[in-house]
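Comments concern the structure below.
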Amino acid sequence: VYKYRDNSKFQNVFDILCEMLGLISPLVIKDVMLSPTEIVIAVKDEFEAKQKFINSLHEIQNTLLIKKK
């Protein structure tokens, strides 16, 4: 259990990420769907799936940097 501002409690890091982004689960970033239980990427090629996953994490990172400013 993680505590956040205003004594909010979250069961996992994914919930904290959703709160910080101001979104609800599942998160859909381009062709990647992220939820607490699974990651779904709409491609069949394993290499392309890995690239899309990494790109989605990069998008999340950029969004958090913008929100921080």
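The values are calculated or read from the model by the stated rules, or taken from the named source; none is laboratory data. Everything numeric in this text was worked out from a predicted model, so none of it was measured. Cβ coordinates were reconstructed from backbone atoms using ideal geometry, including for glycine residues, and neighbour counts include every protein chain displayed.
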Going through region 6-23 in order, the residues found to be surrounded by 13 or more Cβ atoms within 10 Å (Cβ to Cβ), in a helix (DSSP H, G or I), aliphatic (A, V, I, L, M) and free of Cβ contacts under 8 Å to residues at least 40 places away in the same chain are Ile16
Of the residues in region 11-29 that are under 17 Å from Lys67 (Cα atoms) and β-branched (Val, Ile, Thr), the one that is modelled with the lowest pLDDT is Ile16
Members of region 24-69 that are more than 21 Å from Asn12 (Cα to Cα), in a helix (DSSP H, G or I) and in contact with a strand residue (DSSP E or B) (Cβ under 6 Å, 6 or more places away or on another chain) = Ala49, Lys52
